[in-house]
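Here is the structure we will look at.
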Amino acid sequence: MDKNLIQRTLSGIVYVAVIILCTTPLGAQLINSISPDLVKQQYLYYGLITFLLIVGSWECVKIMKFGNGYEKWVVFPVIMVIFYMFSKRYFYHDFYFNFRLSEILALALILIAVITLFKYANELYFDSGKLIFTVIYVALPFSFALGLPKFSTYENTFSLEVLFLFVLIWSSDTFAYLTGKFFGKHKMAPKISPKKTWEGYFGGVVLTLVLSYFIEHYQPELRGNWMVVGFLVAAFAPLGDLVESQLKRNFGVKDSGNILPGHGGVLDRLDSFLICAPVVYLYFILEKFI
C-alpha cells in the first residue's frame with residue numbers, strides 16, 4: 001500500500017478523533033475515568049481552540065511572509081489580547097446572555113478581509129495589511145467559535161453544536177467533491193481552485209441539507225434550526241476553501257503547514273471552519289430575535 005496513503009489515513013483518523021474528544025463529553029469522560037474530576041469538557045474545547053488559534057496564526061504569518069518590522073512582533077500579542085477578551089465571555093457564559101453591537105462590527109471585518117483578499121490584494125503586500133488580515137482572518141473566527149457550544153459546570157454538560165458543525169463541513173466537502181467528480185462540468189473558480197465545479201457546489205448543498213434534516217430530527221436540543229445551519233455551511237464552506245486557496249496563491253505557497261502529514265496545516269484543514277464558525281454564530285445571534 002502507498003505509504004503516503006497510510007500516512008494520510010492515520011493522520012486523518014487522529015485529527016477526527018481529537019475533534020470528537022474535544023467537542024463532545026467523551027473527552028472528559030475518558031480522562032476522568034482514569035483520574036476522577038480531573039478536567040471539565042469546556043476546558044478541553046478551549047484548549048483545542050487555543051491550540052488551533054496559535055498554530056493557525058503562525059501559519060498565516062509564514063504564508064504572508066512578514067518583513068522584519070514591528071508588525072511581525074506585535075501580531076501575536078494583538079491576537080492573544082483579542083482571544084483573551086472572548087475567553088472571558090466564554091467562561092462567564094456571556095455569549096448566551098448578552099449581545100453586543102461590537103460583535104456585528106467584528107463579523108463585518110471578516111467580510112471586509114475576504115473582499116480585500118480577492119479585490120484589493122495589493123494592500124496585503126504591506127506588513128500593516130498583513131497584520132490586520134492575520135488578526136481578522138484567524139483570531140476572530142476562532143474567538144467566535146468559543147460562542148458556539150453551551151455548557152454547565154454544575155451539571156457537567158457540554159452541548160454538541162461544534163461537533164455537528166464539523167460533521168456538516170466534512171459532509172459538504174465530501175458531497176461536493178463526489179458530485180463534482182462524477183457530474184462536474186462548469187468550473188466555479190478555475191484560477192483559484194481548478195477542481196471546484198458548480199455541479200459539485202449544488203450537490204454539496206442538497207446532500208448536506210439531507211444530513212441536516214436528520215440532525216434536526218434526532219438532535220432537537222441543539223441551538224437553532226439545523227436545516228438553516230446546514231444550508232449556511234453548504235453555502236459558505238466552499239468560500240472558506242477559496243479564501244485560503246487565494247491567500248496561498250497570492251503568496252506562492254502550496255500548503256499552510258505540515259502539522260497533519262498528508263493533509264497540510266491547520267489552515268488547510270480548517271479553512272471552511274474559519275468562515276462557517278462566525279456565520280453560524282451570527283445565525284445563533286439573529287435566531288434569538290426571531
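The values are calculated or read from the model by the stated rules, or taken from the named source; none is laboratory data. These figures come from a predicted structure and were not determined experimentally. As a convention, Cβ positions derive from the backbone with ideal geometry for all residues, glycine included, and neighbour counts pool all protein chains shown. Each accessible area value is taken on the protein alone, full model and side chains, heavy atoms only, with ligands, DNA and RNA left out. Shrake-Rupley method; radii C 1.70, N 1.55, O 1.52, S 1.80 Å.
Would you please name the residue that is most open to solvent (accessible area, probe 1.4 Å), looking only at residues in the range 130-160 that are free of Cβ contacts under 8 Å to residues at least 40 places away in the same chain and over 17 Å from PHE76 (Cβ atoms)? My answer is TYR154.
When PHE133, PHE91, PHE126, PHE118 are screened for being out of contact with any strand residue (DSSP E or B) (no Cβ under 8 Å at 6 or more places or on another chain) and within 22 Å of PHE284 (Cα to Cα), only PHE91 passes.
Whether any residue in the range 12-34 is closer than 23 Å to ILE259 by Cβ, open to solvent by less than 50 Å² (accessible area, probe 1.4 Å), in contact with a Gly (Cβ under 6 Å, 6 or more places away or on another chain) and part of a helix (DSSP H, G or I) is what I want to check. No, because not a single residue in the range 12-34 is closer than 23 Å to ILE259 by Cβ, open to solvent by less than 50 Å² (accessible area, probe 1.4 Å), in contact with a Gly (Cβ under 6 Å, 6 or more places away or on another chain) and part of a helix (DSSP H, G or I).
Select, from LYS119, LYS72, LYS65, the only residue that is open to solvent by less than 70 Å² (accessible area, probe 1.4 Å) and of a type in the set (Lys, Arg). Spell out the reasoning first.
Numbers: LYS119 fails: open to solvent by less than 70 Å² (accessible area, probe 1.4 Å); LYS65 fails: open to solvent by less than 70 Å² (accessible area, probe 1.4 Å).
Among LYS119, LYS72, LYS65, only LYS72 is open to solvent by less than 70 Å² (accessible area, probe 1.4 Å) and of a type in the set (Lys, Arg).
Of the helices (runs of 4 or more DSSP H) lying entirely inside the range 120-224, the ones with 2 or more residues being over 30 Å from VAL39 (Cβ atoms) and of a type in the set (A, V, I, L, M, F, W, C) are found at 127-134, 161-183, 198-218. Taking residues in the range 212-230 that are over 15 Å from LYS150 (Cβ atoms) and among the polar types (S, T, N, Q), and partners anywhere that are open to solvent by less than 40 Å² (accessible area, probe 1.4 Å) and part of a helix (DSSP H, G or I), the pairs with Cβ atoms closer than 7 Å and at least 6 places apart or on different chains are SER212/LEU168; SER212/TRP226; SER212/VAL229; SER212/GLY230. Among the residues of the range 35-54, those identified as surrounded by 14 or more Cβ atoms within 10 Å (Cβ to Cβ) and either in contact (Cβ under 8 Å) with a residue 24 or more places away in the chain or in contact with an Asp or Glu (Cβ under 9 Å, 6 or more places away or on another chain) (or both) are LYS40, GLN41, GLN42, TYR45, TYR46, LEU48, ILE49, THR50, LEU52, LEU53.
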